[in-house]
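Report on the structure given below.
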Amino acid sequence: MQTQRLDTSPAAIAHAAELLRRGELVAFPTETVYGLGGHALDETAVTAIFTAKGRPASDPLIVHLAHASDLPIVAAATPPLATQLAAAFWPGPLTLILPRHPRVPLAVTAGRETVAVRVPAHPVAHALLVAAGVPVAAPSANRFGHTSPTTADHVLADLAGRIVAVIDGGATPIGIESTVLDCTTTPPTLLRPGGISLEALGAVIGPVQVRNRPPAAEQHGLASPGLLDRHYAPDHELWLFSGPPAAALARLRAEAEAALRAGLRVGVLLPDDDLTFIHDLPVAIESLGPANDPATMAHRLYAALRALDARQPDRMLARDLDDAGLGRALRDRLRRAAARVVEV
């Protein structure tokens, strides 16, 4: 199968929408990352998503809608809290966990009676959903567990020949996945940090509990995507140094020097402000942007990880980031991408 690269013209979007209605898979940009879309109410299409990604059936999919008013198509109930959140944050990078409507295949929800739903803000995603006229299940458009895609080139690097088409809408603006909030618990539970911060949610709805790890055993599948310990990972191993910034950077430099003495190729991923700590070492470097600008770091994270990975280092080194605002999501992604977390 040859994967078509489509532009964002109305004709191309109409073609992609027809492909989705026929049960084919189409990757498309959202404001977070590129999604791999399939007709959410077509079990054959849903199964094809799992096959194309190599994704386990225990990891649920997020259903994308054109409008909040479409919620009754996929959700059996919409609690007042969900209505309040939709009014505040949709369209946007927030996924809500709601009771599943029986028409949604259990394959979408990993066998659970809840469904993950969001309304994306990206104009291409919105135009595609409107044109398709059906709910679209769309995990990130990459090999399962690999670094998420923020450009069409990233999608093709992972899935060329496995999907029919990708709409090339340029780089995604946010660069990390949506926040996932479980609205079936009291208080609601943050399952995955993302493009909407915990602080922003709390300002609208009050207390939110944080679930840091899923239970060791679930009766069915996971409640949300992005909960596995290892995820978003580059092909080459990433070591993450966690602790006070100065101490973490000192340990990172020491490990870089030791690896270089051992003849290893070393790659380093750091905010701009930290690069002076390793500028004199013969290492490959990818910058995340200013340390005081988490939005820029989020936008660059996956592209920088992929670029550093492509330089084929034997070991990649990075520093953990602050756990506040969008930094919570950045830390989450780095920790799940890391083969080893070094606490200092």
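The values are calculated or read from the model by the stated rules, or taken from the named source; none is laboratory data. As the structure is a prediction and not an experimental result, all values here were calculated from the model. Cβ: placed from backbone, ideal geometry, glycine included. Neighbour counts: every protein chain shown. The accessibility values were calculated without ligands, DNA or RNA, using every heavy atom of the protein model including side chains. Shrake-Rupley method; radii C 1.70, N 1.55, O 1.52, S 1.80 Å.
When the chain is treated as a GNM with alpha-carbon contacts under 10 Å, the residue of G37, G206, G161 showing the greatest mean-square fluctuation is G206.
Computed on the chain, with alpha-carbon pairs under 8 angstrom and 6+ residues apart, the relative contact order is 20 percent.
Give the shape of segment 255-343 as rounded, prolate or oblate, defined through the alpha-carbon gyration tensor: a ≥ b ≥ c are the square roots of its eigenvalues, a/c under 1.5 means rounded, and otherwise the shape is prolate if a/b is larger than b/c and oblate if not. Cα axes put segment 255-343 in the prolate bin. In the context of the full set of protein chains, residues of the chain present 38 Å² of accessible surface per residue (probe radius 1.4 Å, heavy atoms only).
For segment 1-114, the calculated P(r) over all alpha carbon pairs, in 10 Å bins from 0 to the bin holding the longest distance, is 12, 42, 36, 10, 0 percent. Please work out the C-alpha center-to-center distance from segment 66-90 to segment 273-291 and express it in whole Å. Segment 66-90 and segment 273-291 have Cα centres separated by 43 Å.
Considering only beta bridges that DSSP places wholly inside the chain, some 35 percent are antiparallel.
Using +1 at the C-beta of Lys and Arg and -1 at the C-beta of Asp and Glu, which of V104, A66, L25 has the Cα lying farthest in the positive direction of the dipole of the chain? So the residue furthest toward the plus end is V104.
Based on DSSP H runs of at least 4 residues, each adding -39500 (n - 2.57), what is the mean residue ellipticity at 222 nm of the chain after dividing by all its residues, to the nearest 500 deg cm²/dmol?
-9500 deg cm²/dmol
Under a Gaussian network description of the chain, with springs only between Cα atoms under 10 Å, the residue in A132, A254, A68 that fluctuates furthest is A254. When the chain is treated as a GNM with alpha-carbon contacts under 10 Å, the residue of T172, T109, T276 showing the greatest mean-square fluctuation is T276.
How far is helix 10-21 tilted off the main Cα axis of the chain, in degrees rounded to 10, range 0 to 90? For helix 10-21, the angle is close to 70 degrees. In this Cβ point-charge picture (+1 for Lys and Arg, -1 for Asp and Glu), segment 111-219 has a dipole of about 160 debye about its Cα centre. Charge tally for P105 (other residues, Cβ to Cβ under 13 Å; Lys, Arg +1; Asp, Glu -1): 0. Working note: Karplus 6.51/-1.76/1.60 with θ = phi - 60° gives segment 110-123 the couplings 6, x, 8, 8, 10, 10, 8, 9, 8, 10, x, 9, 4, x Hz, where Gly and Pro are set to x. Expressed as a whole percent, the accessible area of the chain that falls on carbon and sulfur atoms is 54 (1.4 Å probe).
I want the local charge near T184. Using Cβ-Cβ distances under 13 Å, sum +1 for each Lys or Arg and -1 for each Asp or Glu among the other residues. Once positives and negatives cancel, what remains is +1. Close amide H pairs (under 5 Å, H built 1.01 Å from N) link G37 with V26, A27, F28, residues at least 5 positions away or on another chain.
Identify which of the listed values of Cα extents along the principal axes in Å was calculated from the structure shown: [x] 58, 44, 37; [y] 59, 48, 34; [z] 67, 45, 38. Read-out taken from this structure: [y].
Would you work out which of P187, P139, P93 lies farthest towards the positive end of the dipole of segment 87-192, given +1 charges on the beta-carbon of Lys and Arg and -1 on that of Asp and Glu, about the Cα centre? Farthest towards the positive pole: P187. Over all other residues within a Cβ to Cβ distance under 11 Å of A76, the charged ones net out to +1, with Lys and Arg as +1 and Asp and Glu as -1. Put simply, the amide H of R192, placed in the peptide plane, has neighbours under 5 Å in V180, leaving out anything fewer than 5 places away on its chain.
How far is helix 245-261 tilted off the main Cα axis of the chain, in degrees rounded to 10, range 0 to 90? It is inclined by approximately 70 degrees. Shown here for segment 66-173: trypsin sites (Lys or Arg not before Pro) in loop regions (DSSP other than H, G, I, E, B) with at most 14 other Cβ atoms within 10 Å, namely R103.
Among rounded, prolate and oblate, which fits segment 134-174 when a ≥ b ≥ c are the square roots of the eigenvalues of its C-alpha gyration tensor, a/c under 1.5 means rounded, and a/b larger than b/c means prolate? It is rounded, given that a/c, with a ≥ b ≥ c, falls under 1.5. In terms of the Cα gyration tensor, with a ≥ b ≥ c the square roots of its eigenvalues, is segment 90-142 rounded because a/c is under 1.5, prolate because a/b exceeds b/c, or oblate? Note, shape of segment 90-142 comes out prolate. Between the helical axis of 294-310 and the longest alpha-carbon principal axis of the chain there is an angle of about 70 degrees.
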